[in-house]
Amino acid sequence: MDGFRKLIGELHRRSIWQVLAIYLAGSWIALQVVETLAETLDLPEWAPGLAFTLLVVGLPIVLATAFVQEGRGFGGDDGGHEPSAADDGPVTGAPAADPNLALGSQEALEAALSLFTWRNAVAGGIAAFALWGILSAGWIFFGPGFGGEEVSRTAAGGTVAPADAVQTIAVLPFENMSGTTEAEPFTVGIHDDILTQLSKISALQVTSRTSVLDYRDSTKPIREIADELGVKSILEGGVQTAPNRVRINVQLIDAESDRHLWAETYDRELTAENVFEIQSEIARNVAEALRAELAPEEEAAIAAIPTTDLDALALYHRGRELFADRTDPQSAAGAESALEEAVEADSEFAAAWAELTKARSWLLGVGTADEAGVQEALQRTKELARGSFEAEMAEGYFLYYGRREMESALERFDAAARLRPTDTDAIQARALILRRLSSWDEAVTAFEQAAALDPRNSDVLRLKAETLGMMRRFDESLAVFAQALELDPSNVLLSADYAEYAISAGDTALAATIVRENGLDERPEAWLVNQQLAWARKDFEAALSFANGAPPSQVPLYRALVLAMRGLGNRRIGNEVRSQAAGDSLLVMMESFSIPSPAWREAFVSIALLSKGRTDEAQAVARDCLEIVDPEHDALDDVNATTLCLAQLGEAGDRDEAIDGLIRIANRPNRDLSSGRLAHAPAFRDVLGDHPRFPELEAKLQEVERAAQGH
């Protein structure tokens with residue numbers, strides 16, 4: 001115990017506690033400086049840790065030096081007072097000479113103690129700091145592998161993204177720096193191509209074009225935009241053209257810190273080859289800055305030059321832009337025309353042939369194209385780029401829209417998704433097929449994946465909302481519709497779709513509010529939802545007026561629907577002459593009805609015959625329709641066609657078979673058959689409402705809907 005007290009006293013006497021406090025305070029300051037340098041210079045994670053380790057190693061050395069030197073007095077190791085025989089006793093801080101030790105051992109002990117000097121301690125501290133500085137500087141200047149961590153250098157002396165970060169990036173619309181409207185399509189095309197190039201890199205998650213378009217000319221801070229899009233990095237830039245020259249400047253920004261990760265300006269002769277070379281370099285540099293490794297096949301895909309013809313490239317971009325708006329038939333037809341010109345300008349342009357295949361497949365599906373044209377474009381696509389992402393997507397579109405071969409189409413879209421796992425078009429195409437194959441939950445998940453990549457795309461949200469509505473998860477469906485409408489409040493067709501699903505949910509008050517607040521009652525293109533609301537309130541004159549005011553269209557399916565509603569509407573108000581006229585027109589149209597869906601053709605023939613008053617024939621055709629539908633093959637169109645045919649059976653007088661069939665299909669996902677529709681659609685409410693089994697049908701639907709709402 002006395003020895004312990006003596007040791008504590010000795011530590012006090014030699015000021016060891018003061019030295020410890022000073023060392024800890026100095027170490028804290030040093031670590032703060034290191035942390036600041038590490039953040040400012042974007043040093044690796046080991047840099048602060050290494051500094052801490054060096055300080056820990058230095059602590060016992062400093063304390064030992066203090067223990068030895070405090071007794072000698074400062075300066076005894078660098079020219080100060082030296083002990084002599086005249087001193088009163090042994091040197092304080094060094095052990096007294098032990099007569100039992102040999103002379104050599106004494107000298108060795110003195111030599112060891114002589115190492116613990118303040119000069120050596122300071123020199124060691126400087127050496128430790130220099131070691132840290134050398135390793136950190138080496139990491140900055142020599143990059144990959146230096147200091148034990150895989151890193152990448154960026155162009156222009158920028159910084160790099162963390163190795164373990166999810167590489168999410170959005171490419172904002174490029175600025176047209178030429179200042180002319182003529183240069184705008186070229187600028188848009190460059191932006192679109194860079195998006196495509198980056199989407200070829202599987203290690204990157206690239207926000208789709210639709211979502212970033214909202215930020216054209218936006219003054220929002222980069223961090224706010226990134227938060228809204230759910231990304232960590234933003235690529236922005238501008239394009240300037242002059243006679244035979246093109247200048248493209250780009251900068252990659254870390255959204256959280258608002259630091260430039262990489263920036264470059266390209267100024268070259270304006271040729272297609274140079275344009276694609278610039279885009280390839282941008283993709284590589286972005287990948288390097290974000291530390292996204294390129295597979296050999298990705299490197300090859302990025303380096304490819306799709307066309308050497310600038311006119312063909314411009315037409316291709318125009319066709320893609322129009323096809324993106326293909327729900328408007330005129331846009332789809334315009335896309336086909338532009339893409340036909342593109343392949344005429346460059347017959348080796350595989351991507352243009354693929355896009356032409358998609359446009360023609362879509363038009364074939366709605367009845368305004370022939371299969372020969374689709375086959376021609378698809379064959380050329382395969383000859384030029386068999387197995388490519390573009391070829392897989394093109395064939396998938398043909399099998400889906402042109403042939404209705406759902407399983408085969410899904411195989412092609414799956415293959416495309418494997419080539420580009422984060423491509424929104426491929427994911428959305430898979431979702432559309434999955435719901436037709438009765439994989440409804442998978443379809444919802446796929447739409448959610450697409451929405452994550454394209455968070456401001458109202459069309460993706462609309463399709464998800466429709467799918468939830470078909471599954472009779474109406475609360476969720478209407479909530480997603482509302483979210484989509486917030487993103488795209490001027491979209492008339494979206495608003496009309498929202499209102500129609502509100503009717504299916506049984507909420508006609510909400511449907512009427514949507515119509516009123518969005519001005520749909522004054523929009524001819526929203527005639528169908530207005531007609532349905534008029535039917536719900538039993539105002540058949542108004543319903544017919546809306547059908548008569550439907551705008552013209554070249555799409556056969558649309559024109560058939562208008563004629564059917566006019567025939568049924570006139571029949572309800574007792575105008576047999578006009579009902580028969582609409583039926584005649586519809587029958588003539590069905591003779592050349594070209595969409596690849598025989599069930600729909602039979603359903604429309606049944607309506608035409610009913611409109612003409614030929615009820616027995618209408619019943620026979622409706623039964624034929626029920627024989628050819630195959631909900632297992634197409635859980636969307638064939639179920640809808642089945643519902644329509646059963647409704648016509650009831651309208652034509654066979655109510656028993658109609659209600660029996662409706663009860664059988666009540667558990668299948670179907671927007672057109674719900675408890676809300678039973679209450680408001682005349683074909684159900686007015687025709688079948690007093691049938692003895694109607695309550696059974698109503699109870700069955702309510703049970704299915706409750707189960708769906710609760711999952």
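The values are calculated or read from the model by the stated rules, or taken from the named source; none is laboratory data. These numbers were taken from a predicted model, which means no experiment stands behind them. Neighbour counts run over all protein chains shown; Cβ positions are idealised from the backbone, glycine included. Note: accessible area is taken over every heavy atom of the protein model, side chains too, but ligands, DNA and RNA are not part of it. Shrake-Rupley method; radii C 1.70, N 1.55, O 1.52, S 1.80 Å.
Observations, loosely collected:
- Checking each residue in region 334-367 for being of a type in the set (S, T, N, Q) and part of a helix (DSSP H, G or I) picks out Ser337, Thr357, Ser361.
- Taking helices (runs of 4 or more DSSP H) as the structural unit, those lying wholly within region 468-568 and holding at least 1 residues that are of a type in the set (Val, Ile, Thr) correspond to 474-487, 492-504, 508-517, 527-536.
- Subset tally (residues that are without any contact (Cβ under 8 Å) to a residue 60 or more places away in the chain and farther than 14 Å from Thr196 by Cβ) for region 280-318: 12
- Being touching a residue at least 40 places away in the same chain (Cβ under 8 Å), surrounded by 20 or more Cβ atoms within 10 Å (Cβ to Cβ) and under 28 Å from Asp630 (Cβ atoms) is a description that does not apply to Arg430.
- Every residue from region 172-208 that is touching a residue at least 40 places away in the same chain (Cβ under 8 Å) and among the charged types (D, E, K, R): Glu175, Asp192, Asp193, Lys200
- Condition met for Thr308 (in contact with a strand residue (DSSP E or B) (Cβ under 9 Å, 6 or more places away or on another chain) and either part of a strand (DSSP E or B) or not basic (Lys, Arg) (or both)): no
- Filtering region 393-403 for residues that are farther than 21 Å from Phe593 by Cα and in contact (Cβ under 8 Å) with a residue 40 or more places away in the chain leaves a non-empty set.
- Boolean, Leu453 is over 22 Å from Val366 (Cβ atoms) and more than 13 Å from the chain's Cα centre (by Cα): no
- Residue in region 214-229 that is touching a helix residue (DSSP H, G or I) at 6+ places or on another chain (Cβ under 7 Å) and crowded, with 22+ Cβ neighbours inside 10 Å present: yes
- Residue check for Gln532: among the polar types (S, T, N, Q) and within 22 Å of Trp440 (Cα to Cα): no
- Answer from Ala499, Ala479, Ala465 - the residue that is open to solvent by 20 Å² or more (accessible area, probe 1.4 Å) and not polar (S, T, N, Q): Ala479
- Helices (runs of 4 or more DSSP H) within region 646-709 that include 1 or more residues of a type in the set (Val, Ile, Thr): 655-664, 682-688, 694-709
- Across region 578-629, the qualifying residues are those that are in a loop (DSSP other than H, G, I, E, B) and of a type in the set (D, E, K, R), and the one among them that is least open to solvent (accessible area, probe 1.4 Å) is Lys612.
- Filter pass, Gly506 being surrounded by 18 or more Cβ atoms within 10 Å (Cβ to Cβ) and at positive phi: yes
- For Leu399, the test of being in a helix (DSSP H, G or I), open to solvent by 10 Å² or more (accessible area, probe 1.4 Å) and closer than 30 Å to Gln167 by Cα is failed.
- Pro296, sole failed condition from (1) within 23 Å of Thr180 (Cβ to Cβ); (2) open to solvent by 50 Å² or more (accessible area, probe 1.4 Å): (1)
- Selection status of Leu662, surrounded by 24 or more Cβ atoms within 10 Å (Cβ to Cβ), more than 23 Å from Leu557 (Cβ to Cβ) and in contact with a helix residue (DSSP H, G or I) (Cβ under 7 Å, 6 or more places away or on another chain): yes
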